[in-house]
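The next block holds one structure in the form of structure tokens; read it before the comments.
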Amino acid sequence: MKYVLLTLISAMLLSISWPTYGVPFFIFFALVPLLMMEHGVSKFSGYDRKSWVVFGLSYLCFVIWNAVTTGWLYGSKNPDGSHSLMAVLFPVLVNSFLYALVFQCYHWYKNAQGTYWGLAFFIAIWMGFEKFHLSWELTWPWLNLGNAFSEYPKLIQWYDTLGATGGSFWILAVNIMIFYTVRIWEAGRKRKRLIINTLVVTALIALPMIISAIRYNTFDEKPVGQVNVLMLQPDLDPYAEKYSKDSIAIENDLLNLAGKNSTGKIDYYIAPETAIPGRGSISETAFDKSLMLNNIKDFLIKHPGSVFATGISSHRFYSNTDLLPKDAYQLNPRLWVESYNSAVQVVPGRKVEVYHKGKLVPGVEIFPYMNVLKPLLGNAMLNLGGTVASLGTDKERVAFSNPYNKGKLAPIICYESIYGEFVGDYVKKGANFLAIMTNDSWWGVTEGHKQLLSYARLRAIETRREIARAANSGISAHINAKGEITADTFYGDQTALFAKVNLYEGETFYVRSGDFLSRLCIFALGFLLFYHLIKRFQKRFMK
């Protein structure tokens, strides 16, 4: 029961640390009880299969953490309107398994190489796993530790140097130091050592926050310009109304919303992810003939000097198999199509610019590792409310230039806003402000849409770019370059939000270097594994 209790304490501390309802300071010692559980089971218990006990208890901890923090996924629905239990069970159970596997690797390595090497391995493998979780097709970095402070931007201004992955390293290092302090005290009861270690822990926590506070109060970057942005929030029901209502009527409602809120000069109109059309999609080979896109151009002619950026569903047909992209699917023996979740910028008299979402939601927009899993699963993904195909993506980020001013917009689509290094690539392409087009209506009134908005604040700090966020049902928001929400809307309102967005140039150290700290930890992980293999080889050779 002692080990179960330690496990439950860690689960509770991890859960109550999370934005947007928790207090992040608990995260600094949330993993300590779990580390104590592992140490107790390994060194002092009489279990026959200690590894299974450690794995089972750690899995329990991570299941509780995942369920509490991402249980809002249950708010998503099946096409028939019923709630999808698998939408929450699959990510919770699988993600918890992956975290437990990481912890199990730490357990094995620590028992093989000793506590000190084991603790270094723990940081390295956790950081490596978070980087992996940012990159593979089953990507789900929602619970990366560095996200925990997203509601406290004044304390993490240094993220413009090390990013949210640097935050993960910070949190792991503090947890390890606290665990080490507890173990040293239990082993020797030396007060002087306790005081020294406590001071080290205090410094590890306080110094980054002090540096952050100084940087927050001395932030004086000068913008190169300013644009007037109107973020549109149509509040279109994504389950029924979007697919039953006429697409032209949906667009007219959107343009009417834009028109009645256009008081004064508007440089940018920004609409949410897949704001048009309703049912179906727009052919990219006929953008110039699209009635819906030409309606937007007609609207802009009445508002000279304005551009319109919006999310759309689009597609491209292929008849030549030599040019066939990997995500195209066959409609008939002679015709293939590739579908996209896209962002476009519309300007009268100019070619429509388009960008295809690069980070897709697993199971909804992408069938992960289709060539391997589709023959095994068949239509199982579809039966569980997912997809049996994958959307096409762009390999590189883009920045839409404004012909009327200095604005260069980063067309970030929904899920992409979770990825720090990925968003930094927009800035490398010249973007001087970030436009997030998102539809968070799928989960209803839950913590989901609040957390996604909160994570956007991290991207503002990492890139030192202001953000204009247009969300279908909310929360639409203007976020400044220090990660502060300066204006926002209520969730569920049909409204528009006006903001004067500052334009910044230059690249932060994080934009230039990306998740280099994660890569350094992956290198360290390889060294530690190699060191272990060398030691084993030496032992065998000496025998």
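Observations on the structure shown:
- For Lys428, a cut-off of 14 angstrom between C-alpha atoms picks up these aspartates and glutamates, skipping any fewer than 8 places away in its own chain: Glu396, Glu462, Glu505, Glu507.
- When the Cα gyration tensor is reduced to axis lengths a ≥ b ≥ c, the ratio a/c is 1.5 or higher for the range 94-232, and with a/b not above b/c it is classed as oblate.
- The chain - percent relative contact order, Cα under 8 Å, separation 6 or more: 17 percent
- Exposure proxy for Leu145, Leu335: other Cβ atoms within 10 Å of each Cβ, ordered fewest to most, give Leu335, Leu145.
- Part-to-part distance (alpha-carbon centres) for the range 467-516 and the range 82-110, which is given in Å: 32 Å
- Student exercise, the chain dipole from Lys, Arg, Asp, Glu Cβ charges, in Debye to nearest 20: 2340 debye
- Over the range 188-281, Cα pairs under 8 Å with separation of 6+ residues give a relative contact order of 34 percent.
- Long hydrophobic helices in the chain: the complete DSSP H runs spanning 18 Å or more by Cα along their own axis with mean Kyte-Doolittle hydropathy of at least -1.0 are 2-16, 50-70, 86-113, 115-133, 159-188, 191-217, 247-260, 447-463, 516-542.
- Separation of alpha-carbon centers, the range 12-28 and the range 244-262, rounded to whole Å: 41 Å
- Antiparallel bridge percentage (DSSP; both residues within the chain; nearest 5): 65 percent
- Part-to-part distance (alpha-carbon centres) for the range 268-316 and the range 192-209, which is given in Å: 55 Å
- Among the listed pairs Lys359/Lys429; Lys289/Lys351; Lys77/Lys359, those beyond 20 Å (Cα-Cα): Lys77/Lys359
- Length gained on full extension, Lys222 to Asn294: 22.2 nm, using 0.36 nm per residue less the C-alpha separation.
- In a DSSP loop and with at most 12 other Cβ atoms within 10 Å, the trypsin sites (Lys or Arg not before Pro) in the range 1-88 are Arg49.
- Anchor Lys2: lysines whose Cα lies under 26 Å away (excluding residues fewer than 8 positions away in-chain): Lys43, Lys50, Lys110, Lys190
- Neighbour net charge for Glu338 - beta-carbon separation under 11 angstrom, K R +1, D E -1: 0
Any read-out appearing in this document is the output of simple, stated calculations on the displayed coordinates, not a laboratory observation. Not measured: the values here are computed from a predicted model. Don't worry about glycine lacking a Cβ; one is built from the backbone with ideal geometry, like all the others, and counts go over all protein chains shown.
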